[in-house]
Amino acid sequence: MRKALTGVLSLAVLIGTVTAAGASAGAATAAEPDAKSSGTAAVRGGDTSGKDIKDRILAIPGMSLIEEKPYFGYRYFVLNYTQPVDHRRPSKGTFQQRITVLHKDTARPTVFSTGGYHVSTNPSRSEPTQIVDGNQVSLEYRFFTPSRPAPADWSKLDIWQAATDQHRVFTALKKIYPQKWLATGGSKGGMTATYFERFYPKDMDAVVAYVAPNDVDDREDSAYDRFFRNVGTKECRDKLQAVQREGLIRRGPLLKKFKEHAAANELTYTTLGSFDRAYEAAVMDYIWGFWQYSTLADCTEILPDAKKATDEEIWDAVDAVSGFGFYSDQELEAYTPYYYQAGTQLGSPDIKQPWLGNLSRYGYQPPRNFVPRSIPMKFDRGAMRDVDRWVRNNARQMLYVYGENDPWRAEPFRLGRGAKDSYVYTVPGANHGARISGLPDAERAKATADIQRWAGVAPAADQADPAKAKPLAKFDTRLDQLNGEIERGDEVLRP
């Protein structure tokens, strides 16, 4: 996941006990705003404490308010929460971690959404939040600015420390939101939700993970090569490969343009070491990026004859998908935490791309190349094996959603005999923006019914006939996303 397509749509990637009667259609509608709140919805439904929800949240030790933004039917807070840099040695320093709370009603379930990167400070609603008509807590991943300790001890950036961040946030907010909780996230966020469940399996009542890669053995990536040999149609694959080949064949004139682009935009390339490495990295991402963010229907927009195209047309084609500015020091800095994790625990793909012959000088470059050399890195080969083994044998009320044409589907999470009440779905023809809403009717209804059941808000009619299940909250064009929509700028091409 290195850079989203220019102009793609924006995305957001997902609880105690409520009776079936309490989950009626009336209870599922957005709460009405308080007429005295001057545009801010003062929602208190189910809260018998008599205190304003903001006061209750800010009474949590270590919680502070950055800002409150009005949104009809909700209260929306952007907050800081004090976290230990090292949860094993909490006395050795703290940092401020940014979180947001989309408050609906303390009597509704709560969805804990993790993107795995920065957190948006604008109101949005994950698909599970819409499905259960609940509250949503979103967490910025540690070491993504501004949620970064200073100075940064990078050895404290690992999946257990991040899961423990979530555990502390959940423990603090569970006292205010006592109903059921679901964890969710997309891509690296789906991975993050899975790791949280692995380390703290008693916290969440369920997990809904979208397009989550599962790189069990970082040295064995042939699944990705098989994916690219078969995805889409041969005609589409051939056109994509031809554009990519021309990008490397014309390295001379296009590298000159690349340097001019860098000078005009004041971009430097110290981390990767040279303009040539950065230029090739963008070209090597072209085919992966196309399938991650596009669909088979978009194949009609690919240059029909790359050999006859002008240099400008080849440049524009690659830039629209990969983004020639992404590998600059200025762009990479924001994603240093991701590349650090990819090179120390998460793993990353190494695809062959044999159609390029000997045109590539550097191959598909590893995460180490995208992290400043001043930051030490050592890969832990046991981390992902442990998580994979745990999911196969211990998954309880976990749901995974993948896109059929998304490269990250090549190495998915799988369920073993030990998994209970857990499911893996694949959305036909979908990319990295796959959603439950894109599943065939029967699967969509089943997944929706299961999520509502796990959240304790399944209407009585749906419990009797799950085929009737649908989201409890109406679709909101400002808050919600449809199947296939991708969040721009929050992910890189390697999750």
- Query: Roughly what % antiparallel, to the nearest 5, for the DSSP beta bridges in the chain?
  - Reply: 50
- Message: Through the Karplus equation 6.51 cos²θ - 1.76 cosθ + 1.60, θ set to phi - 60°, convert the phi angles of the stretch 349-366 into ³J(HN,Hα) values in whole Hz; use x for Gly and Pro.
- Response: x, 10, 8, 7, 6, x, 5, 8, x, 9, 6, 7, 9, 10, x, 7, 5, x
- Message: 5 Å is the cut-off here: which amide hydrogens, built 1.01 Å from N in the peptide plane, fall below it relative to Ala152, excluding neighbours closer than 5 in sequence?
- Response: none
- Using the structure shown, select from Lys92/Lys378; Lys104/Lys180; Lys54/Lys104; Lys51/Lys174; Lys54/Lys474; Lys420/Lys446 the pairs with a Cα to Cα distance greater than 19 angstrom. Lys92/Lys378; Lys54/Lys474
- Message: Just to confirm the filter: which trypsin sites (Lys or Arg not before Pro) across the stretch 164-244 are DSSP coil and have at most 16 other Cβ within 10 angstrom of their Cβ?
- Response: Lys174, Lys175, Lys202, Arg219
- Once the dipole of the chain is set up from charges on Cβ (+1 Lys and Arg, -1 Asp and Glu), the residue from the list Ala410, Met191, Val283 lying farthest towards its positive end is Met191
- Query: To the nearest 20 debye, what charge dipole does the stretch 130-224 have about its Cα centre, counting +1 at the Cβ of each Lys and Arg and -1 at the Cβ of each Asp and Glu?
  - Reply: 520
- Message: Leaving out ligands and nucleic acids, and using a 1.4 Å probe, what accessible area per residue does the chain come to in Å²?
- Response: 40
- Quick one: with all protein chains in place, what share of the accessible area of the stretch 241-330 is carbon or sulfur, to the nearest percent (1.4 Å probe)? 52
- Query: Is the stretch 76-228 best put as rounded, prolate or oblate by its Cα gyration tensor, with a ≥ b ≥ c the root eigenvalues, rounded for a/c under 1.5, and otherwise prolate when a/b is larger than b/c, oblate when not?
  - Reply: oblate
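Would you please classify the overall shape of the stretch 394-466 from the alpha carbon gyration tensor, given that a ≥ b ≥ c denote the square roots of the eigenvalues, rounded means a/c under 1.5, and beyond that prolate means a/b larger than b/c while oblate covers the rest?
oblate
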- Positive-end extreme of charge dipole, the chain - chosen from Gln353, Tyr74, Thr233 (charges on Cβ): Tyr74
- Of every hundred units of 1.4 Å-probe accessible area on the stretch 113-160, the number belonging to carbon and sulfur atoms, as a percent, is 51
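The values are calculated or read from the model by the stated rules, or taken from the named source; none is laboratory data. Since this is a predicted model, take the numbers as computed values, not measurements. Cβ: placed from backbone, ideal geometry, glycine included. Neighbour counts: every protein chain shown. Quick note on the areas: whole protein, heavy atoms, side chains included, nothing else; ligands and nucleic acids left out. Shrake-Rupley method; radii C 1.70, N 1.55, O 1.52, S 1.80 Å.
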